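The values are calculated or read from the model by the stated rules, or taken from the named source; none is laboratory data. Model, not experiment: these values are computed from the prediction. Note that each Cβ is placed from the backbone with ideal geometry, even for glycine, and that neighbours are counted across all protein chains shown.
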Amino acid sequence: MTLRRMAVATAGVVLAARAALWALGLEAHTCVLAGMPLDASSWVLGPLVVAIQLATWTVAPILLCWAALDRAAGILGTRVLRRSSEPAPRS
């Protein structure tokens, strides 16, 4: 597996985890950060939800942008290298 595919897969896992938290309604457990936990599991789920939300808004876009730029460089790289290896025209 290439590094680009791993970056896209990691971003996909982060986005899937965020969607799962939303679907299960676990976002309410972030109230533990204000000192008002819903139950005992809020002490674990609250910080976990916040960490996944931060990763959704920072890590996932960075990985996806890097993968897109790496793919574009891979496509254009051979053309750029081919042109630069040709001798310069003499006048």
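Looking only at residues in region 1-45 that are within 23 Å of Leu69 (Cα to Cα), among the β-branched types (Val, Ile, Thr) and surrounded by fewer than 13 Cβ atoms within 10 Å (Cβ to Cβ), the one that is modelled with the lowest pLDDT is Thr2. If the condition is being outside any helix (DSSP H, G or I) and either of a type in the set (Gly, Ala, Ser) or out of contact with any His (no Cβ under 9 Å at 6 or more places or on another chain) (or both), then region 23-67 contributes Gly25, Gly35, Met36, Ala40, Ser41, Thr58.
Residues in region 19-74 that are aromatic (Phe, Trp, Tyr) and under 11 Å from the mean Cα position of the chain (by Cα) were compared, and the one that is farthest from Met6 (Cα to Cα) is Trp57.
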